[in-house]
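J.: Let me begin by handing over the structure; questions about it come next.
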Amino acid sequence: MNTATDVSRGIEDLRESLGSDLTIAAHYYVSHEVKRWADEIGDSLQLARLAAEDSSAHHLVFCGVLFMGETAAILSGTQRNVYLPRADAGCPLADSATIDGVLSAWDGLDHRDRFLPITYVNSSAEIKAFCGERGGATCTSSSARQVFEAVEESGKRVFFMPDENLGHNTAVEMGIPEEEISRFNPDTLEFEGAGPGDARILLWGGSCPVHVEFSPEDVRAARNRGLRVAAHPECRRQVCAVSDEVGSTDHMVDVVSAGRNESWAIGSEINLVDYLQRQNPRRHIESLGAARACEDMHRITAMDLLATLESIASGDAVPVRVPTAIAEPARIALDRMLSIVEGRGLTP
Ligand code: SF4
């Protein structure tokens, strides 16, 4: 069996021999033993932008879950191949919105010409394609509000999937009253709350199993211990409502690093908490309540990264492939998000 030293040496050697033909990207939620090898560490929006950039590197190893690899492959087009160290690392939130379920909700929607479908990037390529084909877009947690506002400015309303909490938190931040928010229950295939005809926003009822576990009691307990609380908008509304800061992973990295010697409780994935502590060694940073790991992100090891680099070097690696019929409309949805974020508005 390879020791940790053998694995490190193997990764080092292969990075050197692949040289500028290789980029390793890692999401904040993968473990430090993997992130330490990354050329780029980021959240979904940062890594999507990286994939969309021109690059001389023909190989992009993406240490993240399936929807991230698909997104990177779609945005990379033909300029590079994207590889995932673990093909079995998925996302239960993304899986909660199947194309059949979404079609059933959409087709059964009265007044659906009033709505544009918007999907969180934490969704399959098929769902992104569904949105792209219908004038909709993707969004990330850091761009959700901008995308929702662009939809409203175009005179339409948002049908958002699959993360109910991100949609709910963003809607409240925009001043949308609770009585104008409708939820689609993917189990019963029915709308709850405001009827879709009266709703200003429709939310698919999915959630992230990691972030949904944090509670308002966790926030109170952290406050009683003198900690400030930063929560990801995938946390429940009741948690975000009482937190000091609510924002994307990138936002949390910024606020925690900018604060003056403050102690923080972080309502997000444990590997992000670990990253923040390593970046800010003089500050006290801990998980909000019990430490919570994303099982799928956690599955990716340095050994998997080494195996991926070995297969690239030997020419046996299998890149992520998204069929053109899905990739093209999915790319339109992703490009619309990038256009909004870059100030060019919701393109047709
Ligand atoms: S943290 Fe949640 S949303 Fe992110 S990959 Fe894991 S299960 Fe999916």
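The values are calculated or read from the model by the stated rules, or taken from the named source; none is laboratory data. If you're wondering where the values come from, they're calculated on a predicted model, not measured in any experiment. Cβ: placed from backbone, ideal geometry, glycine included. Neighbour counts: every protein chain shown. The protein model used for the area step is the full one, side chains on, heavy atoms only, and it has no ligands, DNA or RNA in it. Shrake-Rupley method; radii C 1.70, N 1.55, O 1.52, S 1.80 Å.
J.: Of everything in the range 253-294 that's without any contact (Cβ under 8 Å) to a residue 40 or more places away in the chain and touching a Leu at 6+ places or on another chain (Cβ under 7 Å), which residue is most open to solvent (accessible area, probe 1.4 Å)?
T.: Residue satisfying both the conditions and the ranking: Ser263.
J.: Checking the condition closer than 16 Å to Asp43 by Cα, open to solvent by 20 Å² or more (accessible area, probe 1.4 Å) and either at pLDDT below 95 or within 12 Å of the ligand (Cβ to nearest atom) (or both), which residue from Leu66, Leu75 passes?
T.: Leu66
J.: Still on this model: Looking at the structure I just gave you, is Gly197 at negative phi and either open to solvent by less than 60 Å² (accessible area, probe 1.4 Å) or among the small types (Gly, Ala, Ser) (or both)?
T.: Taking the combined requirement at face value, the residue satisfies it.
J.: Kindly evaluate Arg157 against the criterion of being closer than 27 Å to His211 by Cα and open to solvent by 10 Å² or more (accessible area, probe 1.4 Å).
T.: Answer is yes for this residue.
Results for (1) assigned to a strand (DSSP E or B); (2) in contact with an Asp or Glu (Cβ under 8 Å, 6 or more places away or on another chain), shown as yes or no for each residue.
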{"residue": "Glu152", "(1), (2)": "no, no"}
{"residue": "Arg183", "(1), (2)": "yes, yes"}
{"residue": "Ala199", "(1), (2)": "no, yes"}
{"residue": "Glu217", "(1), (2)": "no, no"}
{"residue": "Glu234", "(1), (2)": "no, yes"}
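J.: What single numbered condition from (1) under 25 Å from the mean Cα position of the chain (by Cα); (2) modelled with pLDDT under 95 fails to hold for Ala199?
T.: Status for Ala199: all satisfied but (1).
J.: Another question about this same structure. Look through the range 92-107, keep the residues that are within 12 Å of the ligand (Cβ to nearest atom) and surrounded by fewer than 22 Cβ atoms within 10 Å (Cβ to Cβ), and return whichever of them is nearest to Thr119 (Cα to Cα).
T.: Asp95
J.: Take Glu342 and decide whether it is surrounded by fewer than 24 Cβ atoms within 10 Å (Cβ to Cβ), modelled with pLDDT under 95 and among the charged types (D, E, K, R).
T.: yes
J.: OK, next. Of the residues that make up the range 10-28, is at least one in a loop (DSSP other than H, G, I, E, B) and touching a residue at least 24 places away in the same chain (Cβ under 8 Å)?
T.: Yes, some residue in the range 10-28 is in a loop (DSSP other than H, G, I, E, B) and touching a residue at least 24 places away in the same chain (Cβ under 8 Å).
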